[in-house]
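The values are calculated or read from the model by the stated rules, or taken from the named source; none is laboratory data. Being a predicted model, the structure only gives us computed values, none of them experimental. Heads up, the Cβs are rebuilt from the backbone with ideal geometry, glycines too, and the neighbour counts pull from every protein chain shown.
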Amino acid sequence: MQRKPKALIFIGFRSKRKSILSAREEGYKTILLTRKILPGAKKLFNLIIEDNILDEEVIKKIIPLIKKKYRVKGIISNYEHYVVARSYLAWYFSIPSTTVYGACCSRNKAMQRHALKYMKENIDFRTIKTEQEAIKAFNKLGKDVFLKAIAGIKSRFIFHITSLPDLKKAFQTIKKNISDIDEDLYNDYNYCDFNFKYPNPKSTFLIEKAETGSQITTLALASKHTIWHAPSACDVYTAKDIGIDDSYLAFRILPSNKPKEAIKAAKKTTETAIRILGLQYCPAHSEMIYTKDKQIKMIEIASRMGGYRPRMYKEAYGLNVNKLLVSSIIGKEIKTRKRPIKYVSLNEIFPKKEGLFQSIHNLQELQQDKNIKDIKVQVQEDEMVGPAKINYAPVLQFLVFGSTYNQVYEKSLYYQKNLTINLK
């Protein structure tokens, strides 16, 4: 009897292709479970099942169909939206993976704060549902806080609050708009039949004590017993850092210029969080604050690849981290270079207010700059755009590269100040 081919399942597909191609290069069949088939998917996958993959009855129905044809060896989600579904499906297939609880903690900021509460690197926090609870938490935490949605990504619905009027305004904004956003991100996962409490992202919010310092991120790949860390952390400069009143991450620079001790501490903190949450056979993307007194504070850790890390590590180190991800999931040893090739910065540009997109002032200068690549204008004329803190996506992305840290820092800062979004 002919043996069934080995396969890797991918949960959801939007635009990230490299891990899929890497799986095929390793001799694995590729299976896609998706709610909607997007252009280009049919060329990448051997089997595509289009259905409501966040429904328990659908999951139970498709598992026998897959088992009949393939030997499933691993399950990958390249997107924050599906990390819980990934672990839930792995449980049904009896495939080693992060537990459903651990996946929920990596997806839900309130659960994560509670799970990591005994780490000294965890930030002081309160979960709240009402404006009165928000006011009480604001006063308890020193009147310098962040109000956050507990299931968002990319700086959306994050407000830095230092006054009571601003707190009330931010709370009303988040309450008013939270029900209109991406259902996959703000799902409460009732279908999983949890035996633990999962705070509803549409009615529960997080208030955290504001920590001062500089932000850094790390990338790790967690297997069963081993954790691989990318060669360097990535430095992050927020909109606030460069004098812009918004919540987005203006630019990130790789490699980091932080002291070796800080990078080591950041990696150790990431590793501790991975162990506590039981993350395995998945990436771990950590965001942290390096405080003025040289301490590490954990902002959050996600059990998926950071959105820009593959592009940045490819440019800076020549690493194909998507290929490394597949290697970690199928049990291959990971060996990589540790010396950077160059410095790279990834930039995002947002408008300062809400309106209809018209054009980008100084875009031609950016396009003619020899140290700029991967310019992506992500909106169309007359499309509604606005600040990140009220749930808008970036209008423009691009990479800056150079031979020194200061070179890419100064150029990133220049374009952050001189690229202007014109609105109608």
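Considering region 25-49, the residues that are buried (at least 16 other Cβ atoms within 10 Å of the Cβ) and out of contact with any helix residue (DSSP H, G or I) (no Cβ under 8 Å at 6 or more places or on another chain) include one that is nearest to Leu8 (Cα to Cα), namely Lys29.
Going residue by residue through region 60-71, is there one that turns out to be closer than 21 Å to Leu221 by Cβ, of a type in the set (D, E, K, R) and in contact (Cβ under 8 Å) with a residue 40 or more places away in the chain? Within region 60-71, none of the residues are closer than 21 Å to Leu221 by Cβ, of a type in the set (D, E, K, R) and in contact (Cβ under 8 Å) with a residue 40 or more places away in the chain. In region 316-329 there is no residue that is farther than 30 Å from Arg275 by Cβ, free of Cβ contacts under 8 Å to residues at least 40 places away in the same chain and loosely packed, with under 14 Cβ neighbours inside 10 Å.
Just so you know, in region 183-241 the residues that are at positive phi and modelled with pLDDT under 90 include one that is surrounded by the most Cβ atoms within 10 Å (Cβ to Cβ), and it is Tyr189. Residues satisfying the criterion are present in region 65-73 (criterion: at pLDDT 90 or above and assigned to a loop (DSSP other than H, G, I, E, B)).
Can you confirm whether His81 is in a helix (DSSP H, G or I), closer than 23 Å to Met288 by Cα, free of Cβ contacts under 8 Å to residues at least 24 places away in the same chain and within 25 Å of the chain's Cα centre (by Cα)? Answer is no for this residue.
Among the candidates Lys314, Lys297, the residue that is of a type outside the set (A, V, I, L, M) and not in a strand (DSSP E or B) is uniquely Lys314.
Would it be correct to say that Val58 is in contact with a Ser or Thr (Cβ under 9 Å, 6 or more places away or on another chain), modelled with pLDDT under 90 and assigned to a helix (DSSP H, G or I)? No; evaluated as a whole, the condition is false for this residue. Here Tyr308 meets each of (1) modelled with pLDDT under 95; (2) within 23 Å of Gly331 (Cβ to Cβ) with one exception, condition (2). For Gly386, the conditions (1) closer than 10 Å to Ser345 by Cβ; (2) crowded, with 19+ Cβ neighbours inside 10 Å all hold with the exception of (1). One residue stands out among those in region 237-294 that are of a type in the set (S, T, N, Q) and assigned to a helix (DSSP H, G or I): the one that is nearest to Leu8 (Cα to Cα), which is Thr270. Residues considered: Lys335, Lys352. Of these, the only one that is at pLDDT below 95, in a loop (DSSP other than H, G, I, E, B) and surrounded by 14 or more Cβ atoms within 10 Å (Cβ to Cβ) is Lys352. Does Ser359 meet the test of being touching a strand residue (DSSP E or B) at 6+ places or on another chain (Cβ under 7 Å) and part of a helix (DSSP H, G or I)? So Ser359 fails the test. Just one of (1) under 21 Å from Glu80 (Cα atoms); (2) buried (at least 23 other Cβ atoms within 10 Å of the Cβ) fails for Tyr290. It is (1).
Based on what the data block shows, is Val400 part of a loop (DSSP other than H, G, I, E, B) and aliphatic (A, V, I, L, M)? No: the conditions fail for Val400.
Restricting region 120-136 to residues that are among the acidic types (Asp, Glu) and within 26 Å of the chain's Cα centre (by Cα), the residue that is surrounded by the most Cβ atoms within 10 Å (Cβ to Cβ) is Glu121. Scanning region 279-296 for residues that are within 25 Å of Ala90 (Cβ to Cβ) and touching a Cys at 6+ places or on another chain (Cβ under 6 Å) turns up nothing. Can you find even one residue in region 272-283 that is free of Cβ contacts under 8 Å to residues at least 40 places away in the same chain, out of contact with any Ser or Thr (no Cβ under 9 Å at 6 or more places or on another chain) and within 18 Å of Val84 (Cα to Cα)? Yes: region 272-283 contains one or more residues that are free of Cβ contacts under 8 Å to residues at least 40 places away in the same chain, out of contact with any Ser or Thr (no Cβ under 9 Å at 6 or more places or on another chain) and within 18 Å of Val84 (Cα to Cα).
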